[in-house]
Amino acid sequence: MSTVSAGLPSKDFSVDRPVPPGRYGPAGLLRAEWTKLRSVRSTVWTLVVTVLAVVGIGAVATAVTAAHWNGGGPAERFGFDPTQRSLAGLFLGQIAIGVLGVLAMSAEFSSGTIRATFAAAPHRTLVLVCKTVVFGLVALVTSEVLTFAAFELGQQLLKGTTPYATLGQPGVLRAVAGAGLVLTVMGLFALGLAAIIRHTAGALATYVGLLLVLPLIIQAFPTSFQQAVLRYMPLVIAEHMATTRLGGGAFGGGSLLSPWVGFAVLCGYTLAALVVGAVLLNRRDA
Amino acid sequence: MIEARDLTKRYGEALAVDHLSFEVRPGRVTGFLGPNGAGKSTTMRLILGLDRPDSGRVTVNGRTYHDLPWPLREVGALLEARSVHPGRSAYMHLLSLAQTNDIPRSRVDEVLELVGLTSVARRRAGTFSLGMGQRLGIAAAMLGDPAVLLFDEPVNGLDPEGIRWVRMLLKSLAAEGRTVLVSSHLMSEMAVTADHVVVIGKGRLIAEQPVGELLARSSGGLVRVRTPGAEQLQAVLAREGARIEAGGDGTLEVTGLSASEIGELALSAGVALHELSPQAGTLEEAFMELTKDSVEFRVDRDGRAPVAGAPR
């Protein structure tokens with residue numbers, strides 16, 4: 001290893017050299033966050049898993065539906081929603097993108113990079129905002145590409161034997177684009193949880209717990225309570241966004257929130273997680 | 001210039017830093033000494049604004065860290081714990097830091113060259129040895145070519161060549177007029193690197209003075225001198241009140257004077273010196289004597305011989 005240059009830290013250092021005008025800010029931080037996000041393998045792998053989850057499961061679900069359509073009974077045909085079937089991977093996609101959101105934040109804590117990050121940019125709220133923006137844009141582009149790809153591929157596979165949907169039909173565009181938005185916001189929600197919890201495993205467990213386990217627990221409660229509460233569950237909101245047949249679905253009843261009201265609730269959860277995360281980042285020692 | 005005023009930091013019940021005040025001036029290497037657990041790393045984190053003091057305040061160039069317009073261009077820091085994502089390459093780690101402070105990409109290549117990591121810059125940092133990790137940390141500290149530098153235990157994990165390199169780097173940084181604060185629990189390392197020392201124990205200031213004075217303060221400070229003019233020098237030193245034991249072949253073991261004082265006396269007496277070395281054992285003793293009341297986990301009193309020359 002060459003160390004011959006030791007003793008020459010800079011060619012023209014002067015203690016009184018002028019510091020450039022202005023100060024560090026969002027432009028540099030956004031670039032830095034983009035560099036960090038794209039320079040670790042876990043990002044690539046998690047994105048691959050997200051693609052497999054959303055497009056892969058959608059393709060399998062629609063292909064199986066097409067193959068069995070003619071042998072299936074009226075029970076299977078009644079209420080069939082080709083849009084929803086092609087978005088069947090939304091469920092697993094939420095977990096995959098949640099992993100990505102958690103890792104984008106928690107890896108800073110587990111590796112200790114957070115100290116270098118905050119030493120370079122002590123304005124912690126600004127750092128979190130820039131990280132959120134970069135992750136949010138990546139998640140948005142990815143999610144929309146994936147939900148539209150899953151829809152188009154799914155309809156191609158259904159075509160021929162089975163009723164299929166087009167984007168022009170009522171509610172279809174909202175379901176497909178909305179599913180992408182739900183994925184994005186859930187990824188950001190996971191990022192916010194990781195800012196609060198700071199440990200990868202803890203944040204993931206909390207995310208999956210809120211997404212999957214909480215609705216299961218609620219189903220053990222009396223029906224009236226379920227009806228009042230289930231509609232606020234992220235999973236229920238996501239499922240309702242991804243269907244063109246409003247008011248139906250696995251969790252049933254006319255008590256569901258309309259898709260956009262549900263989406264606003266998800267945004268509220270996410271904002272709350274990020275705000276609490278920002279407050280704690282500022283309050284706690286790094 | 002770093003100024004700490006009455007800094008106090010507690011973690012739960014434990015008082016990590018206790019009303020600590022000191023100054024770190026530019027143009028010299030300031031050693032930050034203390035036993036493990038004395039609060040050195042905590043103090044460094046307080047300087048960098050990573051931890052929030054419970055009371056008191058610390059400024060860098062007259063401002064609190066949070067108010068620096070371009071932190072990395074003013075302060076560079078090597079922190080003790082590694083702060084690199086193991087899956088990210090050295091280059092991308094440095095690039096992301098450079099981008100936060102609008103530091104040009106070309107500077108990333110420069111600092112990689114400076115620390116000798118150019119050939120492994122694209123390797124994942126997780127594959128680096130401890131020594132390479134230290135070099136990467138030093139590269140990160142140098143990114144903004146800052147006037148103030150903090151190094152927490154920089155020679156940890158380095159081979160002898162690396163240790164010598166860090167020593168030269170620290171001295172040349174200080175010679176350029178920068179403020180250099182280096183923490184270490186090794187007195188012997190600081191004796192050859194630092195010009196000035198801040199000694200803390202249990203979070204409190206114990207001493208803040210030139211290295212030479214610290215050594216002189218040690219009651220058993222022993223300096224070995226080898227000279228062809230042993231008799232002449234012996235007379236000169238004796239006149240200054242030194243206690244001298246003469247060995248064969250022109251070797252004198254001198255106590256009561258610092259190495260720098262002996263060197264200056266020899267110069268004015270026109271005596272050539274072939275060797276002038278403060279004895280490491282006694283340097284450690286000076287340090288242990290200073291910090292003996294503030295070692296966090298002491299060895300059982302009976303399990304260890306008392307420090308030679310200790311006043312009690």
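Across the range A:26-283, the mean sequence separation of Cα contacts (distance under 8 Å, 6 or more residues apart), normalised by length, yields a relative contact order of 25 percent.
Given bins 20 angstrom wide, list per bin the percent of all Cα-Cα distances in chain B, short to long. Once binned at 20 Å, the Cα pair distances of chain B give 30, 52, 18, 0.
If both residues of a DSSP beta bridge must be in chain B, then about 65% of such bridges are antiparallel.
Give the average over all directions of the projected area of the C-alpha convex hull of the range B:24-95, one decimal, in nm². Write out the running numbers ahead of the final one.
Numbers: hull surface 26.6 nm².
Its Cα hull, projected and averaged over all orientations, spans 6.6 nm².
Label separation (residue B:164 vs residue A:169): 7.9 nm, computed from points 7 Å beyond Cα along the C-beta direction. Helices in chain A that qualify as membrane-span-like (whole DSSP H runs, Cα extent of at least 24 Å along the helix axis, mean Kyte-Doolittle hydropathy of -1.0 or higher) are A:90-111, A:124-158, A:172-197, A:259-283.
Three principal axis extents describe the C-alpha atoms of the range B:114-165; from largest down they are 30, 24, 16 Å. Between A:15, A:185, A:64, the residue with the greatest mean-square fluctuation in the GNM of chain A (Cα pairs under 10 Å linked by springs) is A:15. Here's how it looks for residue B:208: its modeled amide H is under 5 Å from those of B:199, which are all 5 or more places away or on a different chain.
Can you sort B:50, A:216, A:183 by how many other beta carbons sit within 10 Å, fewest first?
Details: B:50 20, A:216 10, A:183 29.
Ranked by crowding around the Cβ, least crowded first: A:216, B:50, A:183.
Annotation: amide H of residue B:18 within the under-5 Å range of B:9, B:204, sequence separation 5 or more or interchain, hydrogens built in the peptide plane. Seen from a random direction on average, the alpha-carbon convex hull of the range A:1-143 projects onto 14.5 square nanometres. For the options A:37, A:167, A:188, a Gaussian network treatment of chain A with springs between C-alpha atoms closer than 10 Å singles out A:167 as fluctuating the most. Converting phi to 3J(HN,Hα) with the Karplus coefficients 6.51, -1.76 and 1.60 and the offset θ = phi - 60°, the range B:253-263 yields 10, 10, 10, x, 10, 7, 4, 5, 5, 4, x Hz in sequence order, with x at every glycine or proline.
Only Lys, Arg, Asp and Glu carry charge here, each on its Cβ (+1 for the first two, -1 for the last two); on that basis the protein assembly as shown has a dipole of about 2000 debye about its Cα centre.
What is the helix-to-structure angle for B:280-291, meaning the angle in degrees between its Cα long axis and the longest Cα principal axis of chain B, kept from 0 to 90 and rounded to the nearest 10? Approximately 70 degrees, to the nearest 10. Applying 0.36 nm per residue to the separation of residue A:199 and residue A:126 and subtracting their alpha-carbon distance, the gain on full extension is 24.2 nm.
Given Cβ point charges of +1 (Lys, Arg) and -1 (Asp, Glu) and nothing else, what value in debye, to the nearest 20, does the dipole of chain B about its Cα centre take? Working shown, then result.
Numbers: 35 positive and 39 negative charges, 194 e Å.
Taking the Cα centre of chain B as origin, the dipole is about 940 debye.
When each of A:267, A:130 is scored by the number of other beta-carbon atoms lying within 10 Å, the sequence from fewest to most is A:267, A:130.
So which residue, out of A:174, A:115, A:198, gets the largest mean-square fluctuation from a GNM of chain A using Cα contacts under 10 Å as springs? For chain A, modelled as a Gaussian network with Cα springs under 10 Å, the answer is A:115.
Placing dummy labels 7 Å off each Cα toward the beta-carbon, the span from residue B:63 to residue B:36 is 3.8 nm. Compactness ratio for the protein assembly as shown: Cα radius of gyration over 2.2 N^0.38 Å (N = residue count) comes to 1.29.
Taken over the range A:26-283, the alpha-carbon convex hull comes to 128 cubic angstrom per residue. The calculated FRET efficiency for the pair residue B:208 and residue A:213, based on their C-beta separation and a Förster distance of 51 Å, comes to about 0.35.
Values quoted throughout were computed directly from the atomic coordinates according to the rules given, and no laboratory measurement underlies them. Since we're looking at a predicted model, the values are computed, not measured. Here Cβ is always computed from backbone atoms with ideal geometry, including for glycine, and neighbour counts include all displayed protein chains.
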